[in-house]
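Asks: Here it is: the structure, laid out below.
The values are calculated or read from the model by the stated rules, or taken from the named source; none is laboratory data. Source: prediction; values computed, not measured. As a convention, Cβ positions derive from the backbone with ideal geometry for all residues, glycine included, and neighbour counts pool all protein chains shown.
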């Protein structure tokens, strides 16, 4: 199999309401514009009720399974620290990682029964060294004046892993998936995220 | 350029391209997006949320009998509700094409059980197609209508979560109107009136149809043979095919797109061509049982492939290779991390209602909806969940069994959408059979859990048109609940709710309690925050004793902050409660729970 025929696996994780689904939809539009076969799978259902959200995203010449093999993740894009750590075992030893610094406490932590894990970026760096990138998505979105744009900030940061993919594909995808009044904000969010890495 | 589309959206698209005129459904994960997508994108199709799956099938089959192409869609348990209609429609056949989409949920991501709906096809003698990606969702939907009209039969389209909720590339086409003329012919009564004298010839017609469909199965491109290896081959369908193809691309495959009836000649050819044949199926050994009964020697099937939960590429790989999957080295033990179960939203009206039921000491016969989350600690105030509408009937039975000594102990709770789906008849039963159950309808003005679908009680259709709105009180009266026993409560007033619930539970007559003015927190059009006096509350650190009472309501906005200290009047404490201002909506439930008046209005 030629190198470019290999399927690439991206795993997105976060918490319901953070916009991880929109982020994966943007990636979908981007990689079909780049000429790849794309499959992505997510479990809907109760995510709006504060549960975790994961998306398996795969692109390549021809993709069969919509879900990634355990341990076969090339790129992890995580919207929340605990939800990043939950999937650390899924990442290949040479996998690349973007972690958002937001913490959202699950009930067992809020109730004082469990500890929120400390030093998540350091844990990742122990295993993945310079392939770990930490982004303050919420802080950047706040500077842009809209916390909702955090997901697109993270997509911007994540886009640095794909230098061969034209930036215009990302911009087109944002324009296609978001209402016109949100275009300027989200394009700025994308650019700001891209610079953050 | 191809489009990226969710499986459910591709089914909607396929229905539109096939010329479908009528689509009906009741929401259920993972099928809900099909009807919503039809309503949002394809104005040529009449679309409706029906009160339940049975009615969706009745509506769609009526349209089909009138000559139109029609679709009913539902989740796997919905098919249990619709089965009575479907099992006889298999006899009558249809005129316009009629497809029933049934979406299974292996691994119960969001369901009360795990069913393999392929069994309905064999049981009901109805052909079934199973797509493996979005393109097939579209193509097979169109094929289903051709098969339906050609063989005069309903056709099932079965998906699973990983097909329904997976996105992949789709080549779309144009809509082609059906050539079938619309109309009803009274002379066709022998075909559609299923009295015994008519049933017997139709029964025979079903068997003849199955023979023809078997022959068709061997010819259709829905089934395909991919011969690569002469040694190893795999028979699979849908998601299982995708996983197997991913890990063993060099094997031969018999991919079954039509999963019932089976292509006997193709299976024979496959076994003659390939030495060692695996049958890889998610859930039941459906093909395997049939193929073994045909006399073939299956190399491996359910002896190595699990018959429950979801498959995955690594499960298939490990099973076929006969050795444990080579997992990466564990970096962090996931079981050491705090889980993140779903929770009722901040401000949700179910939270105070269930807190009141807990304080009232009620045994709660529950139902299917967001409120099922009340089973989770620390609320822990829901004690059964079986199926849509089950709570009312079970509460009645339990009360009858236990007699009057147990009066005041039992309550049935269900949501507005669930009540209209199948909760009205248990209420009527309680009134008729001199029951004393108390039924509480948590009316939050929407079908919540599945993502906000309209129903007969919301006042809107699926397309947002203003519609008739059910009057729950009038329903109660009409089915025989005495007017004095029909009460309204404001669930946000815990004390008052508890008193009303206790009063009604203690009556030796059936009662109906309706939650008023308590819309879902996510239902923007109902302006759910309007009723709250203050937008935000905060813990007064001078007063908080760290008693943790406010944590008992499991509000996502409230957390525990460890740290020894004391109140202004010198009471020692080990920590305090903290209200996250980004999440608090001002519902005042915690204010009522706090014994020390330590939670006070704050400024946003």
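Asks: Go through segment A:1-112 and tell me which strands (runs of 3 or more DSSP E), entirely inside it, have 3 or more residues that are within 11 Å of the chain's Cα centre (by Cα) and either under 27 Å from residue B:31 (Cβ atoms) or more than 11 Å from every other protein chain (Cβ to nearest Cβ) (or both).
Replies: Values: elements: A:8-15, A:37-42, A:52-60, A:73-78, A:91-100.
Passing ranges, in order: A:8-15, A:52-60, A:73-78, A:91-100.
Asks: Also: Kindly indicate which of B:199, B:206, B:195 is surrounded by fewer than 21 Cβ atoms within 10 Å (Cβ to Cβ), without any contact (Cβ under 8 Å) to a residue 24 or more places away in the chain and more than 14 Å from chain A (Cβ to nearest Cβ). Steps first, please.
Replies: Working: B:199 fails: without any contact (Cβ under 8 Å) to a residue 24 or more places away in the chain; B:206 fails: without any contact (Cβ under 8 Å) to a residue 24 or more places away in the chain.
None of the other options fit; the residue is B:195.
Asks: Here's another thing I want to ask about it. Inspect segment B:556-569 for any residue being farther than 19 Å from residue B:374 by Cβ, in contact (Cβ under 8 Å) with a residue 40 or more places away in the chain, part of a loop (DSSP other than H, G, I, E, B) and not assigned by TED's automatic domain parsing to the domain that holds residue B:362 and give the result as yes or no.
Replies: So the first thing to find is which residues in segment B:556-569 are farther than 19 Å from residue B:374 by Cβ, and the list is B:559-569.
Subset that is in contact (Cβ under 8 Å) with a residue 40 or more places away in the chain: none.
Checked against the condition, which is being farther than 19 Å from residue B:374 by Cβ, in contact (Cβ under 8 Å) with a residue 40 or more places away in the chain, part of a loop (DSSP other than H, G, I, E, B) and not assigned by TED's automatic domain parsing to the domain that holds residue B:362, segment B:556-569 yields no hits at all.
Asks: Need the failing condition index for residue B:240 against (1) surrounded by fewer than 19 Cβ atoms within 10 Å (Cβ to Cβ); (2) within 14 Å of chain A (Cβ to nearest Cβ); (3) under 27 Å from residue B:148 (Cβ atoms), just the number.
Replies: (1)
Asks: Are any residues in segment B:243-264 touching a residue at least 60 places away in the same chain (Cβ under 8 Å) and either away from chain A (no Cβ under 14 Å) or on the phi > 0 side of the Ramachandran plot (or both), and if so, which ones? Steps first, please.
Replies: Filtering segment B:243-264 down to residues touching a residue at least 60 places away in the same chain (Cβ under 8 Å) leaves B:243-244, B:246-248, B:255-261.
Correct list: B:256, B:257, B:258, B:259, B:260, B:261.
Asks: Can you find, within segment B:336-359, the residue that is nearest to the other protein chains (Cβ to nearest Cβ) among those that are in contact with a strand residue (DSSP E or B) (Cβ under 8 Å, 6 or more places away or on another chain) and part of a loop (DSSP other than H, G, I, E, B)?
Replies: First, the residues of segment B:336-359 that are in contact with a strand residue (DSSP E or B) (Cβ under 8 Å, 6 or more places away or on another chain): B:340, B:349-350, B:353-354, B:357.
Imposing the further condition that a residue be part of a loop (DSSP other than H, G, I, E, B) reduces the set to B:340, B:349.
Working: B:340: 4, B:349: 14 Å.
For segment B:336-359, the residue satisfying everything is B:340.
Asks: Something else now. Among the residues of segment B:321-335, is there at least one that is crowded, with 20+ Cβ neighbours inside 10 Å, out of contact with any strand residue (DSSP E or B) (no Cβ under 7 Å at 6 or more places or on another chain), modelled with pLDDT under 95 and within 14 Å of chain A (Cβ to nearest Cβ)?
Replies: Start the filter on segment B:321-335 by keeping residues that are crowded, with 20+ Cβ neighbours inside 10 Å, which leaves none.
Within segment B:321-335, not a single residue is crowded, with 20+ Cβ neighbours inside 10 Å, out of contact with any strand residue (DSSP E or B) (no Cβ under 7 Å at 6 or more places or on another chain), modelled with pLDDT under 95 and within 14 Å of chain A (Cβ to nearest Cβ).
Asks: Then there is this: Starting from residues that are more than 31 Å from the chain's Cα centre (by Cα) and part of a loop (DSSP other than H, G, I, E, B), keep the ones in segment B:494-530 and report whichever is farthest from residue B:396 (Cα to Cα).
Replies: Step by step, filter segment B:494-530, then rank; the result is B:507.
Asks: Check whether at least one residue in segment B:67-77 is within 14 Å of another protein chain (Cβ to nearest Cβ), in a strand (DSSP E or B) and either at pLDDT below 95 or in contact with a helix residue (DSSP H, G or I) (Cβ under 9 Å, 6 or more places away or on another chain) (or both), and report yes or no.
Replies: Among the residues of segment B:67-77, at least one is within 14 Å of another protein chain (Cβ to nearest Cβ), in a strand (DSSP E or B) and either at pLDDT below 95 or in contact with a helix residue (DSSP H, G or I) (Cβ under 9 Å, 6 or more places away or on another chain) (or both), which makes the answer yes.
Asks: State yes or no: is residue B:107 touching a helix residue (DSSP H, G or I) at 6+ places or on another chain (Cβ under 9 Å) and in a loop (DSSP other than H, G, I, E, B)? Please lay out each step first, then the result.
Replies: Numbers: touching a helix residue (DSSP H, G or I) at 6+ places or on another chain (Cβ under 9 Å): yes; in a loop (DSSP other than H, G, I, E, B): yes.
When the stated conditions are applied, residue B:107 passes them.
Asks: Could you identify the single residue in B:151, B:140, B:98 that is touching a residue at least 12 places away in the same chain (Cβ under 8 Å) and either surrounded by fewer than 24 Cβ atoms within 10 Å (Cβ to Cβ) or within 14 Å of another protein chain (Cβ to nearest Cβ) (or both)?
Replies: Values: B:140 fails: either surrounded by fewer than 24 Cβ atoms within 10 Å (Cβ to Cβ) or within 14 Å of another protein chain (Cβ to nearest Cβ) (or both); B:98 fails: either surrounded by fewer than 24 Cβ atoms within 10 Å (Cβ to Cβ) or within 14 Å of another protein chain (Cβ to nearest Cβ) (or both).
None of the other options fit; the residue is B:151.
Asks: Might you let me know whether segment B:363-371 holds any residue that is away from every other protein chain (no Cβ under 14 Å), crowded, with 21+ Cβ neighbours inside 10 Å, under 30 Å from residue A:70 (Cα atoms) and modelled with pLDDT of 95 or more?
Replies: We begin by selecting, within segment B:363-371, every residue away from every other protein chain (no Cβ under 14 Å); these are B:363-367.
Filter again for crowded, with 21+ Cβ neighbours inside 10 Å, leaving B:364-367.
When the remaining residues are screened for being under 30 Å from residue A:70 (Cα atoms), the result is none.
The answer is no; no qualifying residue exists.
Asks: In the list B:315, B:280, B:267, which residue meets the criterion of being away from chain A (no Cβ under 14 Å) and crowded, with 16+ Cβ neighbours inside 10 Å?
Replies: B:267
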